[in-house]
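Everything on this sheet refers to the single structure shown next.
The values are calculated or read from the model by the stated rules, or taken from the named source; none is laboratory data. Since the model is a prediction, treat every value here as computed from it, not as a measurement. For neighbour counting, all protein chains shown are included, and Cβ atoms are generated from backbone atoms with ideal geometry for every residue, glycine included. What goes into the accessible areas is simple: the full protein's heavy atoms, side chains included, and nothing from ligands, DNA or RNA. Shrake-Rupley method; radii C 1.70, N 1.55, O 1.52, S 1.80 Å.
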Amino acid sequence: MENIIFHVDVNSAYLSWNATWDLQHGKTLDLRTVPSIVGGDPESRHGIVLAKSIPSKKYGIKTGETLFSALMKCPELKIVPPRYSIYLKASDAMVEILREYSPLIERYSIDECFMDMRHLTKENAVETAVALKNRIRGELGFTVNIGISTGKLLAKMASDFKKPDQVHTLYQEEVQKKMWPLPVQEMFMVGSRTTEKLKKMNIHTIGDLAKTDPQFLHAKFKKYGYMISCYARGIDSSTVKNEGTVEMKGMGNSTTLPFDFTDRISCHNVLLSIGETLVPRLRASRKLVKTVSIHIRSSDFTSFSMQKTLPFASDSTSLLMAAACELFDEIWNEEPVRHLGISFSQLKEKDIQQLSFFKDSRAEKMNRMDQVIDMVRKNFGDDSIIRATFINSPVKAFSGGVVEKDYIFMNSHL
């Protein structure tokens with residue numbers, strides 16, 4: 001019996017989750033029905049487009065472009081700020097529903113999940129997927145696309161077909177008809193630079209890629225050439241790995257500032273606000289950090305990075321952010337700062353620790369304080385407790401978002 005895999009993908013996730021939250025809290029405008037975007041600061045109009053509504057697409061607005069550019073295309077564009085804590089709650093609520101259908105769920109990103117549905121047959125897979133997407137729409141208020149296949153690659157490709165609120169199949173016997181006519185840039189793992197190179201080789205569609213000699217592609221792209229050749233022919237042996245079964249390598253968070261920051265204290269506050277969203281995710285995953293890194297990008301787009309390995313692994317917001325601020329002071333050359341980021345690596349299991357007589361005496365007290373703060377924020381909202389340093393500061397108490405590095409990505413046999 002062939003395995004069946006679903007790929008569940010939230011339609012315009014960030015914008016859809018903003019819209020759903022607003023509607024559930026009394027607002028009448030559905031952001032999904034008008035030209036709208038999530039991203040940047042609506043007042044200063046700085047930043048980039050993180051997500052866009054379907055009506056905004058007709059104006060040529062693209063994810064990743066600046067708010068200034070998007071407003072030039074559509075002056076009436078509705079701009080809303082990102083709400084990352086809401087996105088995490090929406091994602092978790094969706095996964096709770098998915099777990100009722102399968103014990104094997106892999107979170108590919110905050111808005112995408114693979115489901116091992118091997119208990120289904122091809123005959124009843126579509127019916128089950130339609131019922132699942134309708135339930136998510138009815139209970140949670142947002143829509144998803146579901147792709148169905150016998151492997152992760154083709155299931156993911158299928159979910160990218162016509163949107164929103166659709167179910168599509170892409171079995172091996174359907175690859176030639178459904179996938180090969182698509183532009184080559186729509187192939188998973190084929191980016192813009194590779195697309196340019198492939199088009200110079202007269203490879204314009206996924207079908208062209210599939211029919212190209214794999215040895216020729218290997219000569220041009222090395223191992224990557226074999227990979228995209230296999231993918232174009234629908235060949236992939238990766239399996240659904242239950243969430244948490246693969247070691248998490250790192251976590252990160254960053255934010256683009258609404259204007260150039262030129263003073264040390266404000267930059268320290270930005271790092272702290274990033275930590276206020278990042279470190280609780282670390283504690284929720286039952287991990288400790290050994291290495292802290294910071295990333296600075298100045299107003300002229302020059303970038304600097306630096307890292308520090310701690311004497312003891314920690315999940316304390318205060319201790320980790322103190323390390324981040326020390327790194328900032330070492331690396332900052334007093335040029336205006338436009339972007340700041342923090343990342344954690346060398347993650348350790350919290351339940352398996354090497355004890356020491358020389359551990360910081362403040363650590364246990366800070367650990368208890370963090371536990372109380374996490375509990376209060378979970379029950380009463382993030383804004384129920386904020387640090388005093390943010391009261392008269394232009395910096396928000398919580399900054400940054402959820403980066404893909406926090407999730408386990410599709411693995412290939414190549």
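Details
- Under 18 Å from LYS122, Cα to Cα: aspartates and glutamates that are on another chain or at least 8 residues apart: GLU2, GLU173, GLU174
- Only lysines eight or more places from LYS290 in sequence, or on another chain, were considered; those with a Cα closer than 16 Å are LYS249, LYS308, LYS348, LYS350, LYS359.
- Comparing SER345, SER56, SER102 in a Gaussian network model of the chain, where Cα atoms under 10 Å apart are tied by springs, the biggest mean-square fluctuation is seen for SER102.
- Helices assigned as whole DSSP H runs in the chain whose Cα atoms extend at least 20 Å along their own long axis and whose mean Kyte-Doolittle hydropathy is 0.0 or higher are found at 84-98, 264-284, 317-331.
- Two-decimal Rg/Rh across the stretch 7-115, once Rg and the Kirkwood Rh are taken from alpha-carbon atoms: 1.02
- Using only Cα coordinates, the Kirkwood hydrodynamic radius of the chain works out to 23.5 Å.
- Inter-centroid distance (Cα atoms) of the stretch 97-149 relative to the stretch 79-96, Å: 18 Å
- Of the accessible area of the chain, computed with a 1.4 Å probe over protein heavy atoms only, carbon and sulfur atoms account for 55 percent.
- Kirkwood analysis of the Cα pair distances in the stretch 124-193 returns a hydrodynamic radius of 12.9 Å.
- Percentage, to the nearest whole number, of Cα pairs in the stretch 215-293 over 18 Å apart: 66 percent
- Of LYS178/LYS220; LYS197/LYS222; LYS27/LYS78; LYS177/LYS199, those spanning more than 19 Å from alpha-carbon to alpha-carbon: LYS178/LYS220; LYS177/LYS199
- Segment GLU96..ALA388, full-extension length gain: 101.6 nm, with 0.36 nm per residue of separation and the alpha-carbon distance subtracted.
- Accessible area expressed per residue, the chain, with surrounding protein chains retained (probe 1.4 Å, Å²): 50 Å²
- Taking every Cα-Cα distance in the stretch 53-130 and sorting them into 10 Å bins starting at zero, the pair-distance distribution P(r) comes out as 14, 30, 25, 22, 9, 0 percent.
- Relative intensity, log₁₀ I(q)/I(0), of the stretch 163-264 from a Debye sum that treats every alpha carbon as a point, q = 0.09, 0.15, 0.21 Å⁻¹: -0.38, -0.78, -1.07
- Relative contact order (percent, whole number), the chain, Cα cutoff 8 Å, 6+ residue spacing: 16 percent
- Summed over qualifying helices (DSSP H, 4 residues or more, each -39500 (n - 2.57)) and divided by its residue number, the chain shows a 222 nm mean residue ellipticity of -11500 deg cm²/dmol.
- In the stretch 115-172, GluC sites (Glu not before Pro) in a DSSP loop with at most 12 other beta-carbon atoms within 10 Å: none
- Counting only aspartates and glutamates at least 8 places from LYS241 when in the same chain, those with an alpha carbon closer than 16 Å to its own are GLU106, GLU112, ASP116, ASP406.
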